[in-house]
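The values are calculated or read from the model by the stated rules, or taken from the named source; none is laboratory data. Keep in mind that this is a model prediction, so the values were computed, not measured. Cβ sites come from the backbone with ideal geometry, for glycine too, and all protein chains shown count toward neighbours. Just the protein is used for accessible areas: all its heavy atoms, side chains included, with ligands, DNA and RNA removed. Shrake-Rupley method; radii C 1.70, N 1.55, O 1.52, S 1.80 Å.
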Amino acid sequence: MQWTDKIRQVKILLVVMAVLIAVVSLVVSHYLVRDLSAEEQKKMEVWAEAMRSLNSADENTDLNLVLKVIDENNTIPVIVVDSKGNVQTYRNVKITAKADADSTLKVTQMGQRWKDAGRNIRIFLDDDTLKGDFIDVCYDESVMIKRLSLWPYVQLGIVLIFVVVAIFALLTSKKAEQNKVWVGLSKETAHQLGTPISSLMAWTAILKDNYPDDELIPEMDKDVQRLQLIADRFSKIGSLPEPVPSSLNEVMSHVVDYMNRRTSSKVRMVKDFPEHDIIVKINASLFEWVIENLCKNAVDAMEGSGCITLHMTETDQKAIIEVSDTGKGIKKRDLANVFRPGFTTKKRGWGLGLSLAKRIVEEYHHGKIWVKSSELGKGTTFRIELHK
């Protein structure tokens, strides 16, 4: 739980940092672009005044400063249009069309777009602003401003990629750590159980020889065999047990027989199986463990009284198993956490049963397991799908 909480905190921190970086970058970029746009507008006003001076110049006018101002504009796209809409000249405008007519048309359309956007300065060529002739200096944002406008979004994309990669690395590290814990715990449990089970098997054999007619000894032997099965299951966790073609009908029937012997008569087990065998490649011992965990959780949810239905069917590609109970159900807010290690609603639970079931189904058998439906006060249905 501590590791899970730490991972969640790190993910939240990364997301918050990404949002802060994005917001700061957008704000700074906004003010920077605004200031540069204002500066470019002032430059265009000076350039437009230089154009007015050029148009109204006579043979006595010194044009050195005017031409210098006009020639120094190497970054801002500008198109000069007369009062009739004809293009007089343009600078820093890239035209890809080859024909002159097409080029002129494209420049005219471009100037009109800039004018419609409000990026134009009107210059009257004489003192009569009502009837006098005029030109419109239409201009666009420079390449630098356009790049600065796009940069925050590029930066945001980079930050998001970094966050995704960092979270993926954390989750991968978490999964690797969980795998080590699973394997170590399972192997150690199997090892610790091995010695007392061997001793119990020897004592059971001695009791059989000395008391062959005792009715309790066979039951003791079944319990010892059950312990041996549990130790065998733990020994297979962490390895890749070889699946073999098995009858799901037999596996499910074994679980029903075991649960009937271990649960109250108030718990009714209902088998809804097809008449023919459904054959899939599984490790029978581990898969029985999955169904047992689901059934035991169902018994706990029903508080020792109710009905557990095991439904089984198949399609051309999949075998489908559903385990339903008439218990208290699962709250909606808990549905996303039922398979998380350590999550439990029981006072004495460890929260490992469903996590282990998910691991066995999805990692060892490449199937799927999830909560198909759950309703408070009515029960829960778990669904398992296995590839045939």
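Tabulated data for the structure shown
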{"item": "Criterion: among the aliphatic types (A, V, I, L, M), modelled with pLDDT of 80 or more and open to solvent by 90 Å² or more (accessible area, probe 1.4 Å) - qualifying residue of Val137, Val164, Val244, Val224", "result": "Val164"}
{"item": "Residue in the range 192-215 that is in a helix (DSSP H, G or I), closer than 22 Å to Ile384 by Cα and aromatic (Phe, Trp, Tyr) present", "result": "no"}
{"item": "Residue list for the range 18-57, filter: of a type in the set (Asp, Glu) and either within 30 Å of Phe162 (Cβ to Cβ) or open to solvent by 80 Å² or more (accessible area, probe 1.4 Å) (or both)", "result": "Asp35, Glu39, Glu45, Glu49"}
{"item": "Lone qualifier among Met302, Met312, Met269 - being among the hydrophobic types (A, V, I, L, M, F, W, C), touching a Gly at 6+ places or on another chain (Cβ under 6 Å) and over 19 Å from Tyr364 (Cα atoms)", "result": "Met302"}
{"item": "Within the range 276-287, tally of residues that are open to solvent by 30 Å² or more (accessible area, probe 1.4 Å) and modelled with pLDDT of 90 or more", "result": "4"}
{"item": "Candidates Gly184, Gly194, filtered to the one that is more than 26 Å from the chain's Cα centre (by Cα), modelled with pLDDT under 70 and of a type outside the set (D, E, K, R)", "result": "Gly184"}
{"item": "Hits in the range 58-95 (condition: within 15 Å of Asp133 (Cα to Cα) and either surrounded by fewer than 14 Cβ atoms within 10 Å (Cβ to Cβ) or not aliphatic (A, V, I, L, M) (or both))", "result": "Asp82, Ser83, Lys84, Gly85, Asn86, Gln88"}
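Let's see how each residue does on (1) small (Gly, Ala, Ser); (2) in a strand (DSSP E or B); (3) open to solvent by less than 70 Å² (accessible area, probe 1.4 Å):
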{"site": "Lys296", "(1), (2), (3)": "no, no, no"}
{"site": "Ala319", "(1), (2), (3)": "yes, yes, yes"}
{"site": "Ile330", "(1), (2), (3)": "no, no, yes"}
{"site": "Phe343", "(1), (2), (3)": "no, no, yes"}
{"site": "His366", "(1), (2), (3)": "no, no, no"}
{"site": "Ile369", "(1), (2), (3)": "no, yes, yes"}
{"site": "Gly377", "(1), (2), (3)": "yes, no, yes"}
